[in-house]
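Q: What follows is a structure written as structure tokens; I'll ask about it next.
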Amino acid sequence: QEVMAMEAKPSAPHWCERLVQPCVAELLGTALFTFIGCLSVLEGPGGTGQLQPALAHGLALAVTVAVLGDI
């Protein structure tokens, strides 16, 4: 009964999980959207206006949420 009374305390997250991982995730997300945005503005003949960058950013966000949403 004494063993059952003692419950294991969850350990505190490592400093890497609290500080480094969120910064790396933010860096990768910003790099992804900057890269996608820059690629979507490269115009071929005829130009596409403002719709193509908006759709590219929206699609990149939708794909990222669909793939990494469970994390």
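The values are calculated or read from the model by the stated rules, or taken from the named source; none is laboratory data. Small disclaimer: the values here were computed from a predicted structure and weren't measured. Quick reminder, even Gly has a Cβ in these numbers, built from the backbone with ideal geometry, and neighbours come from all protein chains shown. For the accessible areas, the whole protein counts, side chains as well, though only heavy atoms, and no ligand, DNA or RNA atoms are used. Shrake-Rupley method; radii C 1.70, N 1.55, O 1.52, S 1.80 Å.
Q: Under the condition of being open to solvent by 100 Å² or more (accessible area, probe 1.4 Å) and assigned to a loop (DSSP other than H, G, I, E, B), which residue from the stretch 9-24 is nearest to G58 (Cα to Cα)?
A: Here the answer is H14.
Q: Give me the pairs, please: first residue somewhere in the stretch 11-27 and at negative phi, second residue anywhere and outside any helix (DSSP H, G or I) and open to solvent by less than 100 Å² (accessible area, probe 1.4 Å), beta-carbon distance under 9 Å, and either six or more positions apart or on two chains.
A: As it stands, the answer is R18/A12, since those pairs meet every condition given.
Q: Moving on. So I71 passes all but one of these: (1) part of a helix (DSSP H, G or I); (2) surrounded by fewer than 10 Cβ atoms within 10 Å (Cβ to Cβ); (3) modelled with pLDDT under 80; (4) under 24 Å from the mean Cα position of the chain (by Cα). Which condition number does it fail?
A: Result: I71 fails condition (1) only.
Q: Quick one: in the stretch 25-47, of everything that is open to solvent by less than 70 Å² (accessible area, probe 1.4 Å) and either at pLDDT 75 or above or of a type outside the set (G, A, S) (or both), which residue is farthest from the chain's Cα centre (by Cα)?
A: S40
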